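Any read-out appearing in this document is the output of simple, stated calculations on the displayed coordinates, not a laboratory observation. Since we're looking at a predicted model, the values are computed, not measured. Glycine also receives a Cβ, built like all others from the backbone with ideal geometry; neighbour counts cover every protein chain displayed.
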Amino acid sequence: LTSITIPAGVTSIGAGAFRGCSNLASITIPAGVTSIGDRAFDDCSSLTSITIPAGVISIGDWAFDVCRSLTSVTFSENSQLTSIGDDAFSGCRSLTSIAIPAGVTSIGNYAFNGCSSLTSITIPAGVTSIGDSAFSGCSSLTSITIPSGVTSLGDSAFRSCSSLTSVTFGENSQLTSIGEYAFYDCSSLTSITIPDGVTNIG
């Protein structure tokens, strides 16, 4: 199976639906889909691009885990996405950039772990939590802006982001806690200004 067009009447893609379809290079998801289940496209190692329809509210855990050839993730205009699950894009080592939709409030544990080609990512203002190891091993990431609404950075959130030179916290940052190993092995980071409200550094 190298390509598939899902019919217009489909509203959800179940857990593990296309897991391990290693030759699947392209897929068209219809506008009516509202959820992408856990491991739906896990280990689809030939998948190169994906467009997430506007109606999708959640991307499940490990949904695109180890999609090694995935270079492009596009969210349709007026996206209703609110959450990105644990390990959702973990190991997508060819992914170079991603703009997370404005409605997203949480980024799961290991969500972009090991995305070693990722050079830029836009985190929307509505995000309040960044999970453990969410961006660990993103060794090409050079800068990050953490929105003011984020209250906690998970353990190892940016661990081994060895090209990271700039970390900016939004104005009037509500951050109170920085997890263990949050910036461990960020060997290019020369300075950081921690917000006034932080009471705990792991």
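Structural remarks
- Amide proton proximity set for residue 120, modelled H, under 5 Å, gap of 5+: 98
- Computed about its Cα centre, the charge dipole of the stretch 59-202 is approximately 320 debye, with only Lys, Arg, Asp and Glu carrying charge at their Cβ.
- Length gained when the stretch residue 102-residue 22 is fully extended (0.36 nm per residue, less Cα-Cα span): 25.6 nm
- Prolate is the label for the stretch 130-200. Its Cα gyration tensor axes, ordered a ≥ b ≥ c, give a/c of at least 1.5 and a/b above b/c.
- Given the alternatives [x] -0.35, -1.31; [y] -0.73, -1.24; [z] -0.26, -1.29, log10 I(q)/I(0) by the Debye sum over Cα atoms at q = 0.08, 0.19 Å⁻¹ as computed for this entry is given by [z].
- Label-reachable residues, the stretch 66-92, where backbone N falls under 19 Å from a point 7 Å from residue 34's Cα toward its Cβ: 76-85
- Anisotropy class of the stretch 1-100 from Cα gyration tensor, a/c 1.5 cut: rounded
- The distance separating the Cα centre of the stretch 1-60 from that of the stretch 94-130 comes to 19 Å.
- For residue 83 and residue 1, the FRET efficiency from 1/(1 + (r/R0)^6), where r spans their Cβ atoms and R0 equals 25 Å, is about 0.30.
- Distance between the pseudo-spin-label points of residue 200 and residue 76 (7 Å out from Cα toward the beta carbon): 4.1 nm.
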